[in-house]
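In what follows, a single structure is set out as structure tokens and then discussed.
Readers should treat all values here as calculations from the given coordinates under stated rules, not as data from a laboratory. Source: prediction; values computed, not measured. Reconstructed Cβ throughout: ideal geometry from the backbone, glycine too, with neighbour counts over all protein chains shown.
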Amino acid sequence: MIFEFRDGYHHPAGAKAQDAGESLTRIRRSFGSLTPPVVVKEARKKDHPLHPFFEWNNRRAAHEHRLLQARQLISSIVRVERDDEKKKATEPVRAFIHINNAYEPVEVVMSDSKLRDQVLSEVYDSIEGLKRKVASYEQFMDVLKALARVQRITSKHYKGYHMKMPRPPKVSPRQTVKVRIHG
């Protein structure tokens, strides 16, 4: 089997996806399952191929963990508008959107055409990624079709802006791949 890093993954210099994939496979075989605690335990050994993938300086690791917690906190905040007449609340909407290495209030992003188009492009790319992920599982064909519909609707909705959305590919059952799990 050939292993590669997914697009966008920032791996340590010199790290090889093949070595990492084979190491993870061996860990799963040895322990019966592949879980983060087991991976960290095994990678703690300095000569282990996965060792360079982790920050072993506890001070730096603690700081990185706090940054992750801050990202999670910012991403968890939603806005809900209350309609006192109808005594109903709107659907929750994320209060802050990550853009250009910072978080901006959703109303700032949506009122600026360049920021809005940048976010829309990222959403479109995320949908493409989800489509690639579910396309390999025949039982998710309905999900793949729904994602394609969302892309078509999104493309139509934002046609007036300067960014041109690529047309989503047509989905057919022949595009699916049956997956076999080898033990």
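General remarks:
- A straight Cα-to-Cα reach below 16 Å connects LYS133 with the aspartates and glutamates GLU4, ASP7, ASP125, ASP142, residues fewer than 8 places away in its own chain not being considered.
- Amide proton proximity set for ARG94, modelled H, under 5 Å, gap of 5+: ARG79
- Whether segment 1-54 is rounded, prolate or oblate, judged on the alpha carbon gyration tensor where a/c under 1.5 counts as rounded: oblate
- Of the GluC sites (Glu not before Pro) found in segment 1-81, the ones in coil according to DSSP and having at most 14 other Cβ atoms within 10 Å of their Cβ are GLU4, GLU55, GLU81.
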